[in-house]
Every structure is written in structure tokens, then in C-alpha cells.
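Heads up, the thing below is written out as C-alpha cells.
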Amino acid sequence: MAQVKADEGGWRLLVVDDEVAARYGMRRALGSFGYEIEEAGSVEVARALLSPRPPDLMLLDVNLPGTSGLEFLRELQGAESAPLVIIITAHGSERMAVEAVKSGAHDYLSKPFELDELRLVVKNALETLRLRRENDELRRRIELEGVQRGPLLGESEAIRRVRAMIEKVAETDATVLVRGESGTGKELVARELHERSHARRQSPFVAVNCAALPAELIESELFGHEKGAFTGASARRQGKFEQADGGTLFLDEIGDMSANVQAKLLRALEDRRIERLGGNDSVAVDVRIVSATHRPLEQEIASGNFRADLFYRLRVVTIEIPPLRERREDIPLLAESFSRLTAERYGLPARTLAQSALRRLMEYAWPGNVRELRNTIERAAIMAEGAELSACDLPEEIFEGSPERSEAVSEELIESSSEPTLHVPFTSDFREDRREFERRYIARCLEESGGNVTRAAHLLGMHRQSLQHKLRELGLARRYINITHDAQDKSDR
């Protein structure tokens, strides 16, 4: 057994092959990357190396003495902390390799393989493993910190600042103005303020959408009315202020409130008393006011649509919620959470998000913010048929061009994703038209398989090597296959 020391926290690889020369070649090709590499010539030796510290990735030959690689692969699938596995097969055994992938292998290599191909497959496998562990760690931190009981999911700096402000303000009675675009979660912030207030959390949280109520009804809705106050008022009715007594009253879209109701609201805030519509007696209320708007209230004041004195009374503390496009690092966590919640709600299989889907979610501009993301994931989770939510499960609008889209995404993939019919404009050159169709079709399959050449080859009904040749022919190889060779590689070969 040979070992290459890695930096602290480096990846641990186990090469299982009965050929000494093959193990040596793989160790030499990968050793310069700082991986900690161990070797085993049989399944029996490999089993002994699985504890107490199992490897992160295993390069497993199919043809081994005694227990075969495929048998060992199936054994690993039921084990705790099982490593990611790359199967190694002999030339012409692609059918066995595909069977291995179906049995749980992440990818495969066919001997003889190029060193660059080995390095690329290992690099992609470890990147997949890194993303999985990041998601697991985020979920663990959510559980430990109790964030899952609250609505503000996210670990971006922007959301951390919002949570910090909530912590500071929650125990006070200061009025709070929550600002942000539609769909960013303004009501969630209001509910979090309420839940974190020990003095008010046992009393009601009452929400009112000022934009959804007709002007003639909002005053009665907020302050209540006495019997006979207007036609149809057959009995006294408590308004939202009285219903929220001791708790929190959330006034959403307060910028749509009429001037008359604004004046009465200001009086209620100053005096902590309200008068029901049609009544003469004032009623004391103990209510914490949280308001929200997506409108620029300063402009509304300048145009005479909103009272400046009410604005200053409402914004003792202002909490700004950033749009989703400004905290994209939260998208994977939010998407996984929405997928899990949808599965629980509708009794669906729990599905993780494929890398192709996550990439598209990260690139989209999200004009509807978190609300749009939640609806998108819910729809995808309901309609999906596979074990994962892939890019092809997402709605078409996610693939529409946007200035927010990452420059790293190739033009070919943008076109193939945004044109579901793979329409190719006809020219006078039949061969060029066919070439363009092949480029788009293969790029689509690669996108749906998350850039995994092995899976794309399986979708296309091709051998992996044939697809690699086709990628070079169509000019797509630089994105999916590292075809550079340095002097060291030549000496290794």
C-alpha cells in the first residue's frame, strides 16, 4: 500500500485494481493534485481500508480476483458513508459500465484511458461530492440553529443582516417599515418579528393587504364599526386593530392606503386608541405595527399621495429585503427546501436538484423573487418523473434570455435550452444544417445530464468514446473534455 500525503482537509481516494502498473499510473497521474491516495489489489483489502475513515472517492476495477467490482459496488450502496465510485472496465465492456452506473456508480472509465480523461472524470466527481456535502452542511446548520422553524432561509450576507436587525428590534415596540420588491418575503419578516417577541408571540399576528381592499371598506376593516354605521352593518364588528390587541398588526402595501385612512392610522399610532366607524367611544389597543411596501414612499410623498408625518412614524426602523438576484448564493438552499416541502405536502417522492437544474436556477433573473422560485419548484416537483429535478423539468420561461445570465454559459446551450423544438433555420448548405442540429441536440442532452458525458452518451444511445469524438468534431469538446496534454503527460504515457 502506498500513500501520498495531502493538505489538511484534502480528498481521500482509494484505487482498487489488481494490476500494480495500473494502480501506479493512476496514483502518479492524480498525486500532484494533493489528493490522499491509497491502493488496494482486491476487494478484501479495500474493505479493510473503509474504516475507520472511509475514502471520498473510489476508482474500482470491475475485473478483480475473488469478489468482482460490480459485487463490491452493490455492497457499498447499502453502506453508511459510502464513497462515490468510478468504475473502470476493459475496452469493449461499455454495456457492463452502463450497468454499473445504473447500480450506483457515479461514472466509468474504459481501459486504456488518457490521463487527462482520468483527471477530468475525477475532478467532476469530486465537484459533485463537494456540492452534495455543502447542501448537507447547510441543512445540518439549519436544523441546529432552528432556522427551519423560521421562514428566512439563506446564508448570504444580505439575509444575515436582515436576521440581525430582526433580533435587535423584535423585543421593542418600535414600528418597522419593511421594504423590498414583490415576492421577497416582507410578510415573512413581519411574522419573524412577531415570533421573536416574547411579549407578543402569544397574542395574534394579524395581516392586512391594503391594496386588496376597496377604499370604502379598509377603514371598517382596520377600525371596526358599530351597528348601523352603514347599510348592511347589522351588528358591531371588531376591526383588525382590536383583533391584534397584544400582538402584531402587519399592514402590507401601505402605500395604497387612502388619505382619509392614513390620517386615522396616524392618530391611532400616536394615541394607541381607535374609534370604530359610526361610534363615539375610543378603544385602547396595544398593537405593534409592522408595515410593508414595494413603492418608493418618498416619491409618493413628493407627489402628494402619502403623508410625510405618517411615513416618519412608520419607519422608526427600516428593514430592506434584497431581491433574489442579489443573493443568488441562497438559491440552492431555498430550492432544496421548497422541493422537500412540496414532497411532504403532496406525498411525492423526495427529489434532489440535478446540477443542470441548479445551474439554470442560478442564472435566471427571478423578477418574482422568492415567491416565483417557490412556485417554480413546486410545479417542477409535481410534474417531474425522474429521481432528480433536472433542467428539463423547469418551465420554459426559466430558459429565456436575460441580461442577468452568466457569461460563462455558452451560446449553444442558451439556444438549445430556449428553443424546445430545436428549430434550426434552413440554409442552402444541407451539411451545415445537419451539423447545427447535431450541436444543439447533443448540447441539450449534455445540459439535461448536468454536463456528465457518460449519462449524455446513455441518453443518446452512443458509446462514451463516440460521443467524445463527436464533441471534438462539433467544437464542443473544450467545454466538456480537457484535451490538452503537457510534457509530463507524454512522459507518463
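The values are calculated or read from the model by the stated rules, or taken from the named source; none is laboratory data. In this text, all values refer to a predicted model and were calculated from it rather than measured experimentally. When we count neighbours, we look across all protein chains shown, and the Cβ atoms used for this are built from the backbone with ideal geometry, even at glycine.
Below are the figures for this structure:
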| quantity | calculated |
| --- | --- |
| Enumeration of residues in the range 430-469 that are within 18 Å of residue 93 (Cβ to Cβ) and outside any helix (DSSP H, G or I) | 461, 462, 463 |
| Options 298, 344: the member that is within 19 Å of residue 181 (Cβ to Cβ) and out of contact with any Pro (no Cβ under 7 Å at 6 or more places or on another chain) | 298 |
| Complete set of residues in the range 85-107 that are assigned to a helix (DSSP H, G or I) and aliphatic (A, V, I, L, M) | 96, 97, 98, 100, 101 |
| Pairs with Cβ under 8 Å, 6+ apart, first in the range 440-462 and under 18 Å from residue 472 (Cβ atoms), second hydrophobic (A, V, I, L, M, F, W, C) and assigned to a loop (DSSP other than H, G, I, E, B) | 440/422; 440/424; 441/422; 442/476; 443/476; 446/476; 453/481 |
| Residue in the range 380-403 that is part of a helix (DSSP H, G or I), within 30 Å of residue 288 (Cβ to Cβ) and at pLDDT 85 or above present | no |
| Verdict on residue 325 being over 28 Å from residue 223 (Cβ atoms), under 28 Å from the mean Cα position of the chain (by Cα) and surrounded by 16 or more Cβ atoms within 10 Å (Cβ to Cβ) | no |
| Search result, residues across the range 264-319 that are basic (Lys, Arg) and either over 19 Å from residue 200 (Cβ atoms) or not in a strand (DSSP E or B) (or both) | 264, 267, 272, 276, 295, 307, 313, 315 |
| Search result, residues across the range 8-21 that are farther than 24 Å from residue 127 by Cβ and touching a residue at least 12 places away in the same chain (Cβ under 8 Å) | 18, 19, 20 |
| Verdict on residue 346 being surrounded by 21 or more Cβ atoms within 10 Å (Cβ to Cβ), touching a helix residue (DSSP H, G or I) at 6+ places or on another chain (Cβ under 9 Å) and not assigned by TED's automatic domain parsing to the domain that holds residue 265 | no |
| Matching option when the condition is more than 19 Å from residue 355 (Cα to Cα) and at pLDDT below 80, among 461, 451 | 461 |
| In the range 176-212, the residues that are under 19 Å from residue 264 (Cα atoms) and crowded, with 19+ Cβ neighbours inside 10 Å | 176, 177, 206, 208, 210 |
| Restricting the range 34-76 to residues that are free of Cβ contacts under 8 Å to residues at least 24 places away in the same chain and within 35 Å of the chain's Cα centre (by Cα), the residue that is farthest from residue 103 (Cα to Cα) | 52 |
| Condition met for residue 293 (under 20 Å from residue 176 (Cβ atoms) and among the hydroxyl-bearing types (Ser, Thr, Tyr)) | yes |
| Options 268, 284, 335: the member that is in contact with a strand residue (DSSP E or B) (Cβ under 6 Å, 6 or more places away or on another chain), farther than 30 Å from residue 366 by Cα and buried (at least 17 other Cβ atoms within 10 Å of the Cβ) | 268 |
| Qualifying residue in the range 265-284 (condition: assigned by TED's automatic domain parsing to the domain that holds residue 172 and in contact with a Leu (Cβ under 7 Å, 6 or more places away or on another chain)) | yes |
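Listed here are the residues, each with its yes/no results for (1) within 23 Å of residue 129 (Cβ to Cβ); (2) out of contact with any Ser or Thr (no Cβ under 8 Å at 6 or more places or on another chain).
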position	(1), (2)
315	no, no
319	no, yes
324	no, no
329	yes, no
332	yes, yes
336	yes, no
342	no, yes
345	no, yes
352	yes, no
